[in-house]
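Okay, structure first, notes after.
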Amino acid sequence: MNQAIDLNEYETQLIVRRMKLDDYDRLVEMQQKCFPTMQPWGKDQIESQLERFPEGQIVVEIDGVVVASSSSLRLNYDDHQEWHDWKKSADAGYIRNHQPHGDVLYGIEIMVDPDYRGMRLSRRLYDARKEYCVVQNIRRMIVGGRLPGYHKHAETLKASEYVDRVMKKAIYDSVLTAQIANGFSLQGLIPNYLPSDVESCGYATYLEWRNLDYMPKSKRTLRRIVDSVRIGAVQYEMRAIKGFDDLAKQVRYFVDVAGDYKCDFVLFPELFSVQLLSTLPNMRPGEGARRLAEFTPQLLELFAELAVAYDVNLIGGSHLVVENERLFNVAYLCHRDGRIDKQYKLHITPAEQRWWGVEPGNRLEVFDTDCGKVSIQICYDSEFPELSRLAVEQGANLIFVPFNTDTRNGYLRVRHCAAARCIENEVYVAIAGCTGNLPFVQNADIHYAQSAILTPCDVTFARDGIGAQANENIETVVIHDVDLELLRRHRISGSVRNWNDRRTDLYEVIQKKV
């Protein structure tokens with residue numbers, strides 16, 4: 001791996017966008033795979049939907065192929081509305097009854113290509129619908145949900161009994177289970193909803209999602225803005241393993257947890273992949289580091305796949321990489337839309353230089369994500385305040401610090417400096433480290449960590465400036481929501497305003513071109 005890794009080889013292009021008429025053939029193909037017993041959309045129905053409510057028709061595209069779609073319209077809520085009658089509520093798919101200012105978003109279809117299931121694509125579609133409801137101040141979303149698993153149980157269970165068992169998690173239904181997981185509440189059971197739906201035996205559930213941000217127009221000026229981001233920081237236990245699959249299994253577990261808790265970011269520790277040295281013969285540390293770098297393509301492939309599949313921006317700690325005979329310590333950010341970015345470690349510790357021969361990178365990057373701009377500062381980098389100044393000047397509100405320390409002293413250097421960065425720059429900082437032991441692996445034999453999500457210190461933030469923290473030296477993941485809107489308000493009206501009160505007439509920080 002002497003040449004720089006081409007990240008394009010590992011990237012996936014995932015886009016959530018409005019539906020186009022050009023998508024019609026692919027939509028029919030998906031419908032025939034998803035609903036083989038039902039009549040697919042006619043082109044005139046899709047044309048009518050796009051003409052009347054284009055923003056309500058959404059698709060997910062992966063590498064140029066449409067793999068999921070969602071259709072909806074707006075209506076005004078009426079207790080006497082025949083929500084149970086799909087033909088009336090959806091105008092048989094033509095949505096000519098769409099009301100542009102209606103207070104209900106009514107979902108008429110959602111589908112995911114079976115070949116792409118397990119990638120949380122339905123969540124992306126539901127999230128897009130929810131975001132539209134929040135932005136447009138729509139009171140609720142209503143859907144009639146199929147029960148595609150019911151036909152397997154129809155001889156032994158009434159439809160109401162089947163739904164009850166699905167709600168109690170005793171039975172898995174690919175549609176209802178996903179809808180409940182996406183925040184919908186069951187309102188009732190509808191017979192003869194789609195008589196042609198053989199799998200559901202014609203039944204459907206009546207489900208509703210309430211927009212908790214909804215405010216009547218007369219009160220909208222009192223609305224409190226919240227810009228929440230959920231972060232998961234992994235405290236990873238180092239132990240001897242038999243091969244790459246053992247590491248991959250544990251990584252997948254933590255990303256699965258982050259996905260289940262709907263994290264926007266999951267942060268792994270610096271150099272946790274060093275545990276792969278336990279699978280190699282004993283050798284000089286410098287040689288072992290370069291052998292370790294050979295695993296980087298496998299790690300990248302794993303991270304990229306998991307970020308998209310679990311709908312989470314994944315910061316895969318950091319890893320050793322050989323480029324043009326030079327050894328670097330690099331952190332990869334795998335976005336949930338399939339893009340990949342990287343940050344080289346800029347400040348190399350004496351131990352990294354002495355044992356492995358790691359060299360420093362030359363540029364601090366600030367990355368655009370779907371939750372705003374972020375910076376990654378690998379361990380020792382967080383101990384140099386200039387980097388955070390530069391990152392925040394470029395718009396970063398979140399700083400991620402993957403670290404790997406052997407003693408409590410080393411950990412506290414990272415921890416105290418990370419807390420200082422929060423106060424100096426009025427940002428959030430997440431730190432994630434390794435615990436456990438790697439016997440007979442030089443320069444990586446012991447580890448100490450207490451992963452945390454840190455905040456500025458003021459009355460509007462967490463007590464002691466600690467949003468959340470793990471217990472010391474146990475394997476876990478700590479999850480916490482941070483509010484970016486609080487940062488904006490704090491910079492305007494905080495008890496102290498460190499960022500705004502800088503004396504830029506006396507000093508400044510400049511990133512040089514190298």
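The values are calculated or read from the model by the stated rules, or taken from the named source; none is laboratory data. Please read all numbers here as calculations on a predicted model, not as lab measurements. Backbone-built Cβ (ideal geometry, glycine too); neighbour counts: all protein chains shown. Surface accessibility is based on the protein's heavy atoms, side chains included, excluding ligands, DNA and RNA. Shrake-Rupley method; radii C 1.70, N 1.55, O 1.52, S 1.80 Å.
Sorting Leu50, Leu314, Leu212 by solvent-accessible area of protein heavy atoms yields Leu212, Leu50, Leu314, largest first, with a 1.4 Å probe. Dividing the helix sum by the residues of the chain, where each DSSP H run of 4 or more adds -39500 (n - 2.57), gives a mean residue ellipticity at 222 nm of -8000 deg cm²/dmol. With all protein chains kept in place, the per residue accessible area of the chain amounts to 46 square angstrom at a probe of 1.4 angstrom.
Cα centroids of the range 258-285 and the range 34-48: 46 Å apart.
Accessible area per residue was computed with a 1.4 Å probe on protein heavy atoms; Thr460 scores about 80 Å². Using DSSP, restrict attention to beta bridges with both residues in the range 348-495 and report what percent are antiparallel, rounded to the nearest 5. Once the DSSP bridges in the range 348-495 are tallied, antiparallel ones form about 55 percent.
Among His151, His101, the sequence by solvent-accessible area, most first, with a 1.4 Å probe is His101, His151. Averaging Cα coordinates gives a centre for the range 292-316 and one for the range 438-496; these two points are 23 Å apart. Please label the shape of the range 126-273 as rounded, prolate or oblate, based on the square roots a ≥ b ≥ c of the eigenvalues of the alpha-carbon gyration tensor (a/c under 1.5 means rounded; beyond that, a/b larger than b/c means prolate, else oblate). Oblate, because a/c is 1.5 or more while a/b does not exceed b/c. For the listed peptides 416-427, 375-386, 491-502, a ranking on the average number of other beta carbons within 10 Å per residue, highest first, reads 375-386, 416-427, 491-502. Ranked from largest to smallest solvent-accessible area, with a 1.4 Å probe on the protein heavy atoms, Asp173, Asp458 come out as Asp458, Asp173. Taking Cα atoms, how many degrees apart are the long axis of helix 43-52 and the longest axis of the chain, rounded to 10 and kept between 0 and 90? The angle comes out near 70 degrees.
Rounded to the nearest Hz, the phi-derived 3J(HN,Hα) couplings of the range 331-340 under the Karplus curve 6.51 cos²θ - 1.76 cosθ + 1.60 (θ = phi - 60°) are 9, 10, 10, 9, 6, 6, 8, x, 6, 9, where x marks glycine and proline. Rounded to the nearest 20 debye, the dipole size of the range 228-285 about its Cα centre is 120 debye, using +1 on the Cβ of Lys and Arg and -1 on the Cβ of Asp and Glu.
Relative to the dominant Cα principal axis of the chain, helix 484-493 is inclined by about 60°. Gain on full extension, evaluated as 0.36 nm per residue between Glu131 and Asp44 minus their Cα-Cα distance, stands at 28.5 nm.
Taking all protein chains as shown and a probe of 1.4 angstrom, Glu325 keeps an accessible surface of around 110 Å². Once backbone amide H atoms are built at 1.01 Å from N, Glu359 has Leu327, Phe328, Asn329 as its partners under 5 Å, excluding neighbours fewer than 5 places away on the same chain.
To put it simply, the accessible area of the chain at a 1.4 Å probe is 48 percent carbon and sulfur. How many percent of DSSP beta bridges within the chain run antiparallel, rounded to 5? Here the antiparallel bridges make up roughly 70 percent for the chain.
Each Lys and Arg adds +1 at its Cβ and each Asp and Glu adds -1 at its Cβ; summed about the Cα centre, the chain shows a dipole of about 1100 debye. Which angle between 0 and 90 degrees, to the nearest 10, do you get for helix 408-425 versus the longest principal axis of the chain when only C-alpha atoms count? Long axis of 408-425 versus the principal axis of the chain: about 60 degrees.
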